[in-house]
4 protein chains.
Amino acid sequence: MSDERADSGPDERRDARPTAEAAGAGGGVGGRPPFDIVRVGHVELRVTDLDRARAFYVDLLGFVETERTQEVLYLRGLEERFHHSLALRRAESPGLGHIAFRVRSADDLARAEAFFRRLGRPVRWVEAGAEAGQGRALRAQDPFGFPVEFFCEIDEAERLLQRFDAYRGAFPMRIDHVNLFVPDVQAAHDWYTAELGFRCSEYTETAGAQPRVWASWLFRKPNVHDVALMNGAGPRLHHVGFWVADTASVLRACDILAAAGRVAALERGPGRHGISNAFFLYLRDPDGNRIELYTGDYLTADPDFRPIRWSLDDPRRQTFWGHAAPPSWFEEASPVEDVRDGSFVPLSEPLLQDRPHTVT
Amino acid sequence: MSDERADSGPDERRDARPTAEAAGAGGGVGGRPPFDIVRVGHVELRVTDLDRARAFYVDLLGFVETERTQEVLYLRGLEERFHHSLALRRAESPGLGHIAFRVRSADDLARAEAFFRRLGRPVRWVEAGAEAGQGRALRAQDPFGFPVEFFCEIDEAERLLQRFDAYRGAFPMRIDHVNLFVPDVQAAHDWYTAELGFRCSEYTETAGAQPRVWASWLFRKPNVHDVALMNGAGPRLHHVGFWVADTASVLRACDILAAAGRVAALERGPGRHGISNAFFLYLRDPDGNRIELYTGDYLTADPDFRPIRWSLDDPRRQTFWGHAAPPSWFEEASPVEDVRDGSFVPLSEPLLQDRPHTVT
Amino acid sequence: MSDERADSGPDERRDARPTAEAAGAGGGVGGRPPFDIVRVGHVELRVTDLDRARAFYVDLLGFVETERTQEVLYLRGLEERFHHSLALRRAESPGLGHIAFRVRSADDLARAEAFFRRLGRPVRWVEAGAEAGQGRALRAQDPFGFPVEFFCEIDEAERLLQRFDAYRGAFPMRIDHVNLFVPDVQAAHDWYTAELGFRCSEYTETAGAQPRVWASWLFRKPNVHDVALMNGAGPRLHHVGFWVADTASVLRACDILAAAGRVAALERGPGRHGISNAFFLYLRDPDGNRIELYTGDYLTADPDFRPIRWSLDDPRRQTFWGHAAPPSWFEEASPVEDVRDGSFVPLSEPLLQDRPHTVT
Amino acid sequence: MSDERADSGPDERRDARPTAEAAGAGGGVGGRPPFDIVRVGHVELRVTDLDRARAFYVDLLGFVETERTQEVLYLRGLEERFHHSLALRRAESPGLGHIAFRVRSADDLARAEAFFRRLGRPVRWVEAGAEAGQGRALRAQDPFGFPVEFFCEIDEAERLLQRFDAYRGAFPMRIDHVNLFVPDVQAAHDWYTAELGFRCSEYTETAGAQPRVWASWLFRKPNVHDVALMNGAGPRLHHVGFWVADTASVLRACDILAAAGRVAALERGPGRHGISNAFFLYLRDPDGNRIELYTGDYLTADPDFRPIRWSLDDPRRQTFWGHAAPPSWFEEASPVEDVRDGSFVPLSEPLLQDRPHTVT
């Protein structure tokens, strides 16, 4: 088998650009992060009709219902051992309630509070049980306006991984990541890597003498990402990604939604991303919140995993097979709540062009 | 499991429209066809560079080379027991040489000659061996201008179905069908069913008080089709369809072509057709000839299989998942040769609108 | 790609042995069969508990219930357009009620009656509606003791092929074949090919100077088989085969049954047969009736498709991957009813050894 | 979807037995391990014929050759970015050369040396380049007799993850784990968790008042394991597990090996393990070394992931679908080298019964 190839896509050989990479990726070399994030834990989305949302997520896609209160539907994937990875909260309009990260210990919660207070960011505690099944948690507004929660304790729920007789729909396995529209990706990338200890697996950079990070894939758990940052008007949630076990699950989701008369939910895909190697499908739930079904990425456990750089105008970056994404995919996203009062955080325009030249 | 459904797509309950259906579908009730076609057997495409074509079909897609002469590359699929199902002939420009149907016996060849001569259509014999591996064959220009060949004898070749160690690329299994642009689909549909004994599995009809067949899927072997007729400037070959065993083979073809820098070959798909239920991918070979990788259709062995009717403007007809086809897919196709001199047959404009209102 | 291979398994080059092959395979050369069988249509199995059977076939495997009477549960696959392909009839013990073949026209029923009366075989008519959804049908005991039914008219049912939101379990698509234990396979092979126009796709032969057919795969619809005959104490039904669309459906059936505590239902497989190339799984229903989930065979439309010969002791014949089948698979099978009174037909011992030397 | 179930298999609710679990799983609570192991990095197997081994691993299974010296063939998987994950060294008999773990930094190598010297275990340095592509590494004999190597620096190699045109065979992606026969699993489990910071994902325990760990799955990278310990005469290497992306890759390996006349290489599977949920296939290379193709396990990133306990006699533990493993799978394994002189380490008999009662 020959390894030669003229036009290899991403430049894996180049020195990693992202300025904070050295510190961020080191993980233990130099300063440790102020508190220890394990992984993205759940996302709370706003939906206007819990029954309609349940029909979509549970009946068609196959998420497992753990608990339902008057206001919130708590769902989990088939592989997950905890109470929920997706909370759908009744609200007057769609949007993002918060993104929750699991931290390693209760001490990390205290350290997170101190960290955000030191930064002068809004912070508040959410008492145990306020979010069903979950212990005391901290909410903060990150410097880029995103409502982030940190929790440590959460009830276990039956893991259904081997309850194959209970599998339905697309067989969603577990939450994988969130993807965020951020006006200044370079700044957010630097902060998440240097301050919170995220590492970068892949990134997109603008051309020219002074390249800037246009998008970045950041991880704590060792696969491609827990958080992706993309250049765009923000803060907005672009999508929540759920991992499925194989490409067949993605295709089955297409067939099921189309058969059920929900073809409008199929926004983009199935296809393959150059970045992350993911086989993807983007769906819009009945309120327009976007989720991704996602499989096919890789492990990033090695401490010297060098970020893979993509040029913004490399056509294989977003769409390995050459498919154009619809304009909605670049333009539409979910507003995010202020952790203090639940109002939506105002948007800022992105610093860079909002999509590649290769997209028309 | 409930069978109810508000918006069932195709109307399977309606009386079959196609006027010649009663006779054509009967197969034995009433008149037998004048000669007995078994199935589509092979297609001869014109290519400008045999080496470049071989790199595409053999090296990337995994077709098996049976024989190569100065002028022609003879290929077959992994399931096939005969010399070739795809012949690539060196020519100055791309296009269709001929479409070959296998007939049941040598007597059928004689009957076919009589039939076409009676119609006053151009006919000529191709001597045994002129096409490698093949016995004496008859070529004729059908009433719609297509160069059709009929053959009975063909050399066997090793069937590689269980030579899994020799599988490469997309694992192409066998030729499945041809798809043709015809200016008057109703007329061609009527002729192929009433005269040649093809049966109709599915068809698309225009709306209004006087519906016309806009497209038709016709078969001799009992799956969805050997020949599809679509409304368009013609006679032109839209594509040749090759059957693969699973959706994974289709996705692998996308990945392989993109990895090899041949993303431009991926014209449309992967996706699912409402019609035929096929999971499809349309590829353009290096000369622009179009082939389809195809899986997921069904058996039509029952004599009372009633054709499934689709409305031209049903959005699920062409694209069950709601994806738009690119304009090229509606506009571009291969010119076809005159069986007498190899010149291209002039085109006529289609009688009906050239694509659905749902396509923009 | 090289075609050379020292130890190619089946001998596809040898002259077809089965003595009746010439007539049987010719199909039109020489005498036509006395009546025209289209394909295997359904099987009626005896079960002792309809609810328990329903839990297995519908709830776990995903068969679709068309109708349930006091005595019979009528099921169909997702691709099927007709009332049922599997009838489960309440009875005091498991077994085979009958095997039904669809014939082309009502005239074929009359011709079938004459044919069996001429042979002096037991024959009786089943009035329209006696079997739900079905027109008048003929039952006969074939010369080898099998209760066979012939029918032409049957109600349509909604085809669920594109109702992907209704898919459950293993996604069973359609009935494919029956497999029978016959004491004298050579005789049954000769009769089914020479008298009823079945063609042979593959067969197993004993070694020695006077080879005998040990097993035979016979078809009317053009894939590998509608009926398989295997050497064994009979007449008994070995299994009914249902076609699924892909290997993933077979694996999913294993996972579902095991998760549901029904691991004992998994008798053999998943694996690949050398014969037919099928990817298979053999299941025992709660009464011990055996079914197969089956995918991966091939088309046999060509009139000169020469039967593939396998030596009985070729280890790749039954089990391409080398797995031994459990003794139960060779020994156990369902008794079959006498069409006159529903009693079981007495068994005869097989003429040949009951399993290959390679099986221990 | 109901969560009820009478006979749920593994007892996930029971308090974790393994005595060293509290310390080992804590990771940061209490003592840190003396040096930081990232993951299993590669395995060196002894083979008697490099060409024959290459035909098996590269030509049939699709491993990628990075480098070949006179004595060693260095292979990697398609996802891997480093020089090798499998080294095949020419030797007079099969066996295990060493198991290599990647450590986080050069300092960890020094700490590892001190640690093993303190224990009085044999230790030696392997100079940079002695193993191709690799920096200075430490070899030691662990307390149970296994030759383990620790390395930090290793050359990068082109990652072929998106070179789909170069995929061959079973598409092996990356090394996943080693599985070891150990006479005293409880002791080895305790040492690897308490001393080296491995965490336990699943374990098998004997019945009775004083349960003992019979087998244990231990990880550093957060999936099910880097190292599995099984009760058996040892020290011996049971197998090296390589991860593939899907079940289809496993089935394709079966087909390819059988087609190539290598059916004897298929020792066990395909099937599903209850433990780890893996879809597995066990192969014997031409020298009898055993590898596993493996997919379908899950993430274990959460710090409070409680080990899943299985009873030794739970039939779903080893074989979720009920298949018996062949005796060879329980009895045969590879001897391991002494790091000092390359001689084989003598075996000790296992403390517990050598296989479950459910296995006959």
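The values are calculated or read from the model by the stated rules, or taken from the named source; none is laboratory data. Remember, it's a predicted structure, so these values are computed and weren't measured experimentally. Note that each Cβ is placed from the backbone with ideal geometry, even for glycine, and that neighbours are counted across all protein chains shown.
Just to check your reading of the model, which residue among C:Ser85, C:Ser105 is surrounded by 19 or more Cβ atoms within 10 Å (Cβ to Cβ), within 14 Å of chain B (Cβ to nearest Cβ), of a type in the set (S, T, N, Q) and in contact (Cβ under 8 Å) with a residue 40 or more places away in the chain?
On the way: C:Ser105 fails: surrounded by 19 or more Cβ atoms within 10 Å (Cβ to Cβ).
Criteria check complete, one pass: C:Ser85.
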- Note on the structure: The one condition A:Glu65 fails out of (1) part of a strand (DSSP E or B); (2) closer than 27 Å to A:Gly145 by Cβ; (3) of a type outside the set (S, T, N, Q); (4) under 22 Å from the mean Cα position of the chain (by Cα) is (2)
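Does C:Gly129 meet the test of being surrounded by fewer than 21 Cβ atoms within 10 Å (Cβ to Cβ), within 14 Å of another protein chain (Cβ to nearest Cβ) and closer than 25 Å to B:Phe305 by Cα? Quick ask: steps written out before the conclusion?
On the way: surrounded by fewer than 21 Cβ atoms within 10 Å (Cβ to Cβ): yes; within 14 Å of another protein chain (Cβ to nearest Cβ): no; closer than 25 Å to B:Phe305 by Cα: yes.
So C:Gly129 does not fit the description; no.
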- Filtered residue count, segment C:57-72, keeping only those that are buried (at least 24 other Cβ atoms within 10 Å of the Cβ) and either β-branched (Val, Ile, Thr) or away from chain B (no Cβ under 11 Å) (or both): 3
- Can you name every residue in segment A:241-269 that is surrounded by fewer than 24 Cβ atoms within 10 Å (Cβ to Cβ), assigned to a strand (DSSP E or B) and more than 14 Å from chain C (Cβ to nearest Cβ)? A:Trp243, A:Glu267, A:Arg268
- Query: What are the residues in segment D:317-341 that are exposed (fewer than 14 other Cβ atoms within 10 Å of the Cβ) and touching a Gly at 6+ places or on another chain (Cβ under 9 Å), if any?
  - Reply: D:Glu331
- Examine segment D:293-315 for a residue that is in a loop (DSSP other than H, G, I, E, B), more than 19 Å from the chain's Cα centre (by Cα), away from every other protein chain (no Cβ under 13 Å) and closer than 23 Å to D:Leu45 by Cα, and state whether such a residue exists. no
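Could you tell me whether any residue of segment A:189-202 is within 12 Å of another protein chain (Cβ to nearest Cβ), surrounded by 24 or more Cβ atoms within 10 Å (Cβ to Cβ) and in contact with a helix residue (DSSP H, G or I) (Cβ under 7 Å, 6 or more places away or on another chain)? Full working, then the answer.
In the first step, residues of segment A:189-202 are kept if they are within 12 Å of another protein chain (Cβ to nearest Cβ); the result is A:201-202.
Still in the list and also surrounded by 24 or more Cβ atoms within 10 Å (Cβ to Cβ): A:201-202.
Filter once more, keeping what is in contact with a helix residue (DSSP H, G or I) (Cβ under 7 Å, 6 or more places away or on another chain): A:202.
Yes, segment A:189-202 has at least one match.
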- Residue within segment B:88-102 that is in contact with a helix residue (DSSP H, G or I) (Cβ under 9 Å, 6 or more places away or on another chain), under 29 Å from B:Ser216 (Cα atoms) and small (Gly, Ala, Ser) present: no
- Can you tell me which residue among B:Asp155, B:Asp184 is under 27 Å from B:Glu332 (Cβ atoms) and either more than 14 Å from every other protein chain (Cβ to nearest Cβ) or in contact (Cβ under 8 Å) with a residue 40 or more places away in the chain (or both)? B:Asp184
- Note on the structure: D:Gln353 meets each of (1) surrounded by fewer than 17 Cβ atoms within 10 Å (Cβ to Cβ); (2) more than 22 Å from D:Leu180 (Cβ to Cβ); (3) in contact (Cβ under 8 Å) with a residue 60 or more places away in the chain with one exception, condition (2)
- Message: With within 14 Å of chain B (Cβ to nearest Cβ), modelled with pLDDT of 95 or more and either out of contact with any Phe, Trp or Tyr (no Cβ under 6 Å at 6 or more places or on another chain) or in a loop (DSSP other than H, G, I, E, B) (or both) as the only criterion, which of C:Arg46, C:Arg5, C:Arg54 stands out?
- Response: C:Arg54
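Considering only segment A:316-339, state which residues are more than 14 Å from chain B (Cβ to nearest Cβ), out of contact with any strand residue (DSSP E or B) (no Cβ under 7 Å at 6 or more places or on another chain) and part of a loop (DSSP other than H, G, I, E, B).
First pass over segment A:316-339, keeping only residues more than 14 Å from chain B (Cβ to nearest Cβ): A:330-339.
Now restrict to residues that are out of contact with any strand residue (DSSP E or B) (no Cβ under 7 Å at 6 or more places or on another chain): A:330-332.
Residue satisfying the conditions is A:Glu332 alone.
For segment B:249-274, which residues satisfy the criterion of being farther than 29 Å from B:Val345 by Cα, of a type in the set (A, V, I, L, M) and out of contact with any Ser or Thr (no Cβ under 7 Å at 6 or more places or on another chain)?
B:Ala253, B:Ile256, B:Leu257, B:Ala258, B:Ala259, B:Ala260, B:Val263
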- Note on the structure: Filtering segment A:316-341 down to residues that are over 19 Å from the mean Cα position of the chain (by Cα) and either closer than 19 Å to A:Val185 by Cα or in contact (Cβ under 8 Å) with a residue 60 or more places away in the chain (or both) yields A:Arg316, A:Arg340
- Item | Selected residue (criterion: nearest to the other protein chains (Cβ to nearest Cβ)) from residues of segment B:206-221 that are at pLDDT 95 or above and over 24 Å from B:Glu332 (Cβ atoms) | B:Lys221
- Enumerate the pairs (first residue in segment A:273-285 and at negative phi and more than 11 Å from chain D (Cβ to nearest Cβ); second residue anywhere and in a strand (DSSP E or B) and β-branched (Val, Ile, Thr)) with beta-carbon separation below 6 Å, excluding pairs fewer than 6 apart on the same chain, so at least 6 apart or on different chains. A:Leu283/A:Ile291
- Number of the condition not met by B:Arg139 [criteria: (1) closer than 19 Å to B:Phe242 by Cβ; (2) touching a Lys or Arg at 6+ places or on another chain (Cβ under 7 Å)]: (1)
- Subset of segment C:101-128 (residues that are under 20 Å from C:Asp341 (Cα atoms) and out of contact with any Lys or Arg (no Cβ under 9 Å at 6 or more places or on another chain)): C:Glu113, C:Phe116, C:Arg117, C:Leu119, C:Gly120, C:Arg121
- Count, please, the residues in segment B:79-113 that happen to be closer than 16 Å to B:Gly135 by Cβ, part of a strand (DSSP E or B) and not charged (D, E, K, R). 6
